[in-house]
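I have placed the structure first, in the form of structure tokens, so that the comments after it can refer back to it.
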Amino acid sequence: MAWGKITERALAFLTAMLLICAAAIAPLELFGESGPAAPGSRLRLPIGTNTPVIAMGRVHGIILASDGSLWSWGENGNGFPVLGLRNARPQTSLHRIGDENDWIDVASSDSHALAVKSDGTLWGWGANFRGQIGDGAIGAKATRRFPVPGPQGNNWKRVAAGATHSLAVQRNGTLWAWGSNRGGELGIGTTSNSVEEVQVGSSTNWVKVWAEAIQTVGLQSDGSLWFWGSLTGEGTRDPNLFLVPTRVSPDTNWVDVCFGYFSILAIKADGTLWAWGRNAGIYTGAPIQLINPAPVRVGKESDWKNCASSGYFYHLLTKRDGSLWAFDVSDYRFAEKPPYKPIEFKRVPIQKDIAAFGTTSRHGTGAALTRDGEVWTWGQVLGEYKSVPGNKKDTEPEPVLRDTPWVLPNIDPSVPTLR
């Protein structure tokens with residue numbers, strides 16, 4: 001009898017311990033197969049009413065959740081603290097940037113980021129060696145580890161981050177730029193850099209702006225699309241720089257823009273996809289030349305809604321039915337005169353309502369935020385590497401790649417992020 005009681009107690013204790021361990025391990029399940037998770041859990045970001053945004057760099061991502069909070073994962077690009085976190089080590093899970101819930105827009109390059117709060121103030125962090133944060137400082141010592149106030153005022157609305165230049169739209173519809181300008185990407189009529197924000201033209205009807213390395217595209221409220229910078233990527237050596245905003249076409253039904261490899265892709269309100277620029281022929285079949293200044297239609301589909309890409313070869317688009325599609329043109333990467341072949345669109349296997357999405361320039365890597373707060377990603381596991389014997393250096397890491405989308409976990413939202 002005594003032995004039986006001890007056995008029962010031991011079994012009860014063991015069962016309790018197993019349940020505790022299971023509860024601790026379950027939130028770390030990457031694929032979410034352990035059942036639905038509540039918003040704000042380790043498998044979902046908090047939910048709100050704002051429009052979410054995913055801003056990607058080469059090896060990191062920043063997410064503006066719909067409740068107005070900011071999150072990041074991956075690693076600091078080229079050593080610059082673009083993650084906005086105290087811990088500079090690579091992060092394979094989402095970590096919250098600060099504890100504010102009043103962010104309304106965010107943009108990121110490989111090494112710096114910009115964000116706007118609901119009070120209209122503009123903030124930046126990361127690299128600042130061209131004055132791209134806009135806080136009046138410049139140089140390696142001006143690097144900012146956490147969000148700091150950028151250009152003054154409380155009238156800011158939207159932001160865009162190029163490689164080393166920045167732009168922002170104010171609530172009054174004016175457009176401003178600062179930072180590097182070697183290709184005329186600031187749109188101020190010269191190739192002179194500017195540490196302070198400078199107004200781009202005199203128009204007061206800008207609604208959105210996109211930026212890549214030395215290229216910028218802006219959308220006005222009448223649906224017209226404008227380009228400035230270098231179509232060839234050659235900077236000041238480009239004989240055909242666009243130093244001020246130049247209208248892309250007479251059309252007034254443009255809705256979204258993303259960047260290819262020295263080329264631009266854009267979607268019209270009728271759901272068609274178009275491309276122009278140095279390597280536009282990759283997408284359109286037009287002859288490869290230094291300048292393809294006029295948009296040419298890509299494919300025959302007419303149900304595209306939004307697009308995202310990082311300025312290289314991997315692109316994501318959504319259709320009007322909410323499905324997410326990808327296409328990769330990296331076959332052209334090492335070919336001097338690549339033969340054109342029609343783009344093959346592949347559906348990303350995420351059967352959920354997608355609220356925001358983005359992609360990096362590496363290994364077909366993408367990320368998507370669903371309406372219920374899940375963050376799905378695929379391609380490179382940002383922030384994780386493996387050592388492969390036989391490399392030039394045995395310790396040289398290689399990225400970890402996954403073909404199947406998985407769900408990113410996040411830190412416990414109840415634990416404030418340390419600074």
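Brief remarks on what is shown
- Glu384 long-range amide H proximity, modeled H, under 5 Å: Val400
- Using the average count of surrounding beta-carbon atoms within 10 Å as a protection proxy, the listed peptides 381-388, 227-234 rank, highest first, as 227-234, 381-388.
- Vicinal HN-Hα couplings computed from phi for the range 352-366 (Karplus, 6.51 cos²θ - 1.76 cosθ + 1.60; Hz; Gly/Pro x): 9, 6, 8, 9, 7, 7, x, 8, 9, 8, 10, 6, x, 9, x
- Packing order of peptides 68-79, 296-307, highest average first: 68-79, 296-307 (average count of other Cβ atoms within 10 Å over each peptide's residues).
- Rounded to the nearest whole Hz, the Karplus-based 3J(HN,Hα) values (6.51 cos²θ - 1.76 cosθ + 1.60, θ = phi - 60°) of the range 88-103 follow the sequence 7, 6, x, 10, 8, 10, 6, 10, 7, 8, x, 10, 6, 10, 10, 7, with x at glycine and proline.
- Gly260 long-range amide H proximity, modeled H, under 5 Å: Leu265
- With Cα atoms defining each centre, the range 157-221 and the range 248-302 are spaced 21 Å apart in the structure.
- Per residue, the average separation of C-alpha pairs within less than 8 Å and at least 6 apart gives the range 52-361 a relative contact order of 11 percent.
- Take each peptide in 137-144, 366-373, 190-197, count the other Cβ atoms within 10 Å of every residue, and average; sorted highest first, the result is 366-373, 190-197, 137-144.
- Leu45 long-range amide H proximity, modeled H, under 5 Å: Gly40, Glu374, Val375
- Cross-link pairs exceeding 24 Å in C-alpha to C-alpha distance, out of Lys157/Lys319; Lys268/Lys346; Lys319/Lys341; Lys208/Lys319; Lys208/Lys341; Lys341/Lys386, comprise Lys157/Lys319; Lys208/Lys341; Lys341/Lys386.
- Computed magnitude of the charge dipole of the range 52-361 (debye, nearest 20; Cβ of K, R +1, Cβ of D, E -1): 380 debye
- HN-Hα J in Hz across the range 200-217 - Karplus 6.51, -1.76, 1.60, θ = phi - 60°, x for Gly and Pro: 8, x, 10, 5, 10, 10, 6, 10, 7, 9, 10, 9, 10, 3, 9, 9, 9, 10
- Cα gyration tensor category, rounded, prolate or oblate, for the range 59-148 with a/c compared to 1.5: oblate
Every number in this text was worked out from the coordinates using simple rules, so none of it is lab data. The model shown is predicted, which means the values in this text are computed figures rather than measured ones. Cβ: placed from backbone, ideal geometry, glycine included. Neighbour counts: every protein chain shown.
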